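Structure, as structure tokens:
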Amino acid sequence: MSTAFKFCPACATPLALIGQEEDGGFTERLRCPACDYTHWNNPTPVLAAIVELDGRILLARNAAWSSRMFGLITGFMEAGESPEEGIRREIAEETTLGVTKLTLVGVHDFQRMNQVIVTYHAVAQGEVKLSPELLEYKLMEPANIRCWRAGTGFALADWLRSQGLEPVFMEDFQRPADPVV
């Protein structure tokens, strides 16, 4: 349950965890005791891309991340765009690359962040120029990528399997001298 949403957006009364019958069951949600507003706390859809450039996969480090972890290109849909339009826009905004082919990889839940991630494999072309959101990037051979056990890491593992590669997860990798991606 989200703790960030504390006040009713309709009347500013503090929200309370109130249970009531809905959809055939009893459910507790943050509700306004004054005007009956319900904070549904539905997951946010997030778009992600496994960007392939010249046969290698682009992984980027977000400027907001304190660690040297690298991940997929991600972003949020904007009103009025389809998921496909949204991920093409995100790739262009964050890397300046153009997408020549886009294929749905899958949809995965990321409950820790209350998100649903829609992941695509995007074949891209052009020269990488990062937006200020990203600090650096790596282009990696698919066979050398190590996945993470959360969010987009599961989508990346599914895509690797679809390419005939068995994914290796970071905590399963035993050579400590290798860089973490």
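Quick note: the coordinates plus some simple rules give every number you see, no bench work behind them. Worth saying up front: this structure is predicted, and the values here are computed from it rather than measured. Here the Cβ is made from the backbone with ideal geometry for all residues, glycine too, and neighbour counts use every protein chain on show.
Some values worked out for this structure:
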quantity	calculated
Tensor-based shape of region 65-105 (alpha-carbon gyration tensor, a/c under 1.5 rounded, otherwise prolate or oblate)	prolate
In Å, descending, principal axis extents of the Cα set of the chain	58, 38, 33
Amide H within-cut-off set for Phe169, under 5 Å, with H built and near neighbours excluded	Cys147
Ordering of 112-118, 77-83, 32-38 by packing [mean C-beta count within 10 Å, highest first]	112-118, 32-38, 77-83
Amide H contacts under 5 Å for Val51, placed H, 5+ residues apart	Leu58, Ile73, Ala122
Per-peptide average of other Cβ atoms within 10 Å, ordering 55-63, 101-109 highest first	55-63, 101-109
In degrees, nearest ten, helix 83-95 long axis to first principal axis of the chain (Cα)	60 degrees
Listed residue (Ala34, Val168, Gln125) projecting farthest to the positive dipole end of the chain, Cβ model	Val168
In sequence order, calculated HN-Hα J values of region 114-124 (Karplus, 6.51, -1.76, 1.60; Hz; x Gly/Pro)	6, 10, 10, 9, 9, 10, 10, 9, 10, 7, 10
Alpha carbon convex hull of region 1-41, projected area averaged over orientations, nm²	2.7 nm²
For Gln115, distant residues with modelled amide H under 5 Å away	Thr44, Phe110
Straight-distance crosslink candidates among lysines, where the alpha carbon sits under 16 Å from Lys6 and sequence neighbours closer than 8 are dropped	none
Listed peptides 134-140, 64-70, 44-50, 149-155 by packing density, highest first (mean Cβ within 10 Å)	44-50, 149-155, 134-140, 64-70
Nearest 10 degrees, 0 to 90: helix 152-162 Cα axis against the chain principal axis	50 degrees
The chain: relative contact order in percent, alpha carbon pairs under 8 Å with at least 6 residues between	20 percent
Reachable lysines from Lys101, criterion Cα separation under 29 angstrom, eight or more residues apart if same chain	Lys129, Lys138
Value of relative contact order over region 1-41, rounded to a whole percent, pairs C-alpha under 8 Å and six or more apart	36 percent
